[in-house]
Structure formats: C-alpha cells, structure tokens
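Comments concern the structure below.
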Amino acid sequence: MLFEPIQMRSMSVRNRLWVAAMCQYSCLAEDGMPSDWHLVHLGSFARGGAGLVVTEATAVVPEGRISPRDAGIWNDEQVAAWQPITRFVKGQGARIALQLAHAGRKASDSPPWGYDGTGTVPADRGG
Ligand SMILES: Cc1cc2nc3c(=O)[nH]c(=O)nc-3n(C[C@H](O)[C@H](O)[C@H](O)COP(=O)(O)O)c2cc1C
C-alpha cells in the first residue's frame, strides 16, 4: 500500500511516502525567511516522488525559534517567501504541510553547525 493514494477529508495524497519535518538551521540572515535552500531542499523531495513534504519546525514568533537560523512564519514577508516553495512542491504533484512551532523553554539554542557560539544564544545576538 506504500504507493497507493490516500484520501484525508478533502485532500488526496498520491502515496504514503511522507517526509518528516527536519530543521535545517539554514536561514543564515537569522530573519526566519525561507530561501532557495528551502526551495531546493523541500522541492527535491517532491520531485523525487514523495506524497507529502513537511517543512521544518517553522516558528510562529521569533522568540519561539529553536535557534536563530530557524525558518519562521510570523510576518507577511515570510508568508510570501514560502509561496514559491509551496507552488513548486504542489507543481510536482506532492502535498506540503507546514509544521507550526514554538520551542518553548528549549528556544534560543545555538545552531548545531556553522555558528560562532554554543549553548543558549544571548539576547544581544537575537536569543
Ligand atoms: C535533521 C533532522 C531534523 C529534524 N527536525 C525536526 C523538526 O523540525 N520537527 C520535528 O517535529 N521533528 C524533527 N526531526 C525529527 C524527525 O521528524 C523524526 O526523526 C521523525 O519524525 C522520526 O520518524 P521515525 O520514527 O519514523 O524515524 C528532525 C530529525 C532530523 C534527523
């Protein structure tokens, strides 16, 4: 059944191969804006045949990010930046879901790589 479509209320998904949410820590400007990185990362799963692609944990407020390099959806510019990504994924015949996230007491951690610092991000660096 892995390659059979599945119906969920009004939404049909072409198969049951779904990509789990995976943080990328790749909003290098630390503004929560999804970029070409996210387009290629998520788009390649859709191009490869996944039925549904889940975005990384996407913060609903800046202070709710796991790290300063998380993606966000707390302003209209971010909404607009997600649109080419959702358009491409849908254009490949896949579905896309956005994982809304708030990291709570685990927020403001340092990104695990490519970052000058470890542990809790201080407030003067956006933590
Ligand atoms: C690189 C990486 C990033 C991840 N980021 C997220 C995330 O943003 N949100 C989330 O809920 N889980 C995240 N996870 C956890 C995966 O979604 C989790 O491994 C998966 O749901 C487990 O599925 P499994 O039990 O079938 O292995 C991440 C895992 C990896 C490896």
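The values are calculated or read from the model by the stated rules, or taken from the named source; none is laboratory data. These figures come from a predicted structure and were not determined experimentally. Cβ placement follows ideal geometry from the backbone for every residue including glycine, while neighbour counts extend to all protein chains displayed. When the accessible area is computed, the model is the full protein with side chains, heavy atoms only, and any ligands, DNA or RNA have been set aside. Shrake-Rupley method; radii C 1.70, N 1.55, O 1.52, S 1.80 Å.
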Checklist outcome for this item: Burial-style ranking of 106-112, 2-8, 121-127, average other-beta-carbon count within 10 Å with highest first, yields 106-112, 121-127, 2-8
Checklist entry - Any idea what the dipole of segment 6-108 comes to, in debye rounded to 20, about its Cα centre with Lys/Arg Cβ at +1 and Asp/Glu Cβ at -1? => result 620
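Roughly speaking, what % of Cα-Cα pairs in segment 6-108 are separated by over 16 Å, rounded to a whole number? Present the calculation step by step, with values, prior to reporting the outcome.
Numbers: 2853 of 5253 pairs.
When every Cα pair of segment 6-108 is considered, 54 percent fall beyond 16 Å.
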Checklist outcome for this item: Extend 7 Å from the Cα of Ala20 along its Cα-to-C-beta direction; within segment 50-69, residues with backbone N under 15 Å of that point are 53-57
Checklist entry - So who's got an amide H within less than 5 Å of the one on Val54, skipping anything under 5 residues away but keeping other chains? H placed 1.01 Å off N, in plane. => result Val19, Ala97
Checklist outcome for this item: For the chain, the per residue accessible area (1.4 Å probe, Å²) is 58
Item to check | Mean residue ellipticity (222 nm) of the chain, computed from DSSP H runs ≥ 4 via -39,500 (n - 2.57), nearest 500 | outcome: -7000 deg cm²/dmol
Checklist entry - With r defined as the distance between the Cβ atoms of Arg105 and Ser44 and R0 fixed at 35 Å, what FRET efficiency is calculated, to the nearest 0.05? => result 0.55
Checklist entry - Distance in nm between label sites at Arg125 and Ala97, each 7 Å beyond Cα in the beta-carbon direction? => result 3.4
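Would you list Val19, Val40 from the most to the least accessible area, probe 1.4 Å? Present the calculation step by step, with values, prior to reporting the outcome.
Working: Val19 25, Val40 100 Å².
Reading off the accessible areas and sorting them downward yields Val40, Val19.
Where the accessible area of the chain is counted over protein heavy atoms with a 1.4 Å probe, how much of it, in %, is carbon and sulfur?
That share works out to 56 percent.
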Checklist entry - Normalised by the residues of segment 6-108, what does the relative contact order come to in percent, with Cα pairs under 8 Å and at least six apart? => result 34
Checklist outcome for this item: With the charge dipole of the chain built from beta-carbon charges (+1 for Lys and Arg, -1 for Asp and Glu) about the Cα centre, the Cα from Gln78, Ser44, Tyr115 projecting farthest to the positive end belongs to Ser44
Item to check | Antiparallel DSSP beta bridges within the chain, percent to nearest 5 | outcome: 35
